[in-house]
Each structure stands twice: as structure tokens, then as C-alpha cells.
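Below: the structure, in C-alpha cells.
The values are calculated or read from the model by the stated rules, or taken from the named source; none is laboratory data. What you see is a predicted model; the values in this text were computed from it and never measured. Cβ atoms come from the backbone with ideal geometry, glycine included; neighbour counts cover every protein chain shown.
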Amino acid sequence: MNASLAPDWLREYYERVDANDFAYLGERFADDIEVRFGNRPMASGKQAVAATLADVHAPFERSLHRFVDIWQQGHATLIAFDVTYFMKDGSEVRLETFTILERRDELIKRMKVYIDEGPLRGS
């Protein structure tokens, strides 16, 4: 799917990710959500996922996700991104990332984010 044709739910979700709107994000998660972010261990359940995402976002003020390509396969949405992270020290880090979102009943049930967090952590 052409990235310019991103579904409204996906576009709105990542606008809220970029704004660090964790309350909104939590409302879009199933109660039994599972998230694997980079090399981190799997986080299961809303509370563990919220803690993981807060830690992921800790080094930067905000981000800007640009959709490169999107594929839809059943309940799974696969997304290639070009992401700019606006760091708390004023610098910017640009990374390519890939995410798989699986939804159930309009809520995100599973999310896998493929990213090298090293540049965000100064390593």
C-alpha cells in the first residue's frame, strides 16, 4: 500500500506516538497487549507496556514518524518508517524502523518494533 494511503486509525495512532500521548495510546491497546521493542524483553499487559514505552521515549522530547511503506495482511499491518527523534539535548537522530501491529476488535493486541536503539541511547 502506498504510504500516502495510510488508514486513518494508523495515521492518528502515530500522530499521538509522536506527541508522546501515552493516555491515548493506552486506550488503543487490548488488555492483554504484548509489545517487543527492539532487543528489550516482551512486555505483556497495559501496565508493563506503558512502562516500556515511557522508557523508550525517555531520551527524546518527541518523534516524527514518516510512513515509507505499509502492507496489510489479515489482522496484521506492517509498516516501514523513517523516524526523526528530537533529543532532549537539542540534537536529532534519524532512524529507519519497521513495525508489525496486530489488531483485534479495533485494538492493538501485539506490536513488534524492529529498531536499533543504540543511537537514541548514545551507544
Candidates ASP31, ASP21 - the one that is over 15 Å from the mean Cα position of the chain (by Cα), among the charged types (D, E, K, R) and either over 18 Å from ARG121 (Cα atoms) or surrounded by fewer than 13 Cβ atoms within 10 Å (Cβ to Cβ) (or both): ASP31
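This table checks each residue for (1) buried (at least 18 other Cβ atoms within 10 Å of the Cβ); (2) touching a Phe, Trp or Tyr at 6+ places or on another chain (Cβ under 9 Å); (3) free of Cβ contacts under 8 Å to residues at least 12 places away in the same chain.
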position	(1), (2), (3)
PRO59	no, yes, no
SER63	yes, yes, no
TRP71	no, no, no
MET87	no, yes, no
Going through region 93-123 one residue at a time, which ones are within 16 Å of PHE67 (Cβ to Cβ), of a type in the set (Val, Ile, Thr) and assigned to a strand (DSSP E or B)? THR97, THR99, ILE100, VAL113
Looking only at region 105-115, and only at residues there that are surrounded by fewer than 16 Cβ atoms within 10 Å (Cβ to Cβ) and at pLDDT 95 or above, the one that is farthest from ASP8 (Cα to Cα): TYR114
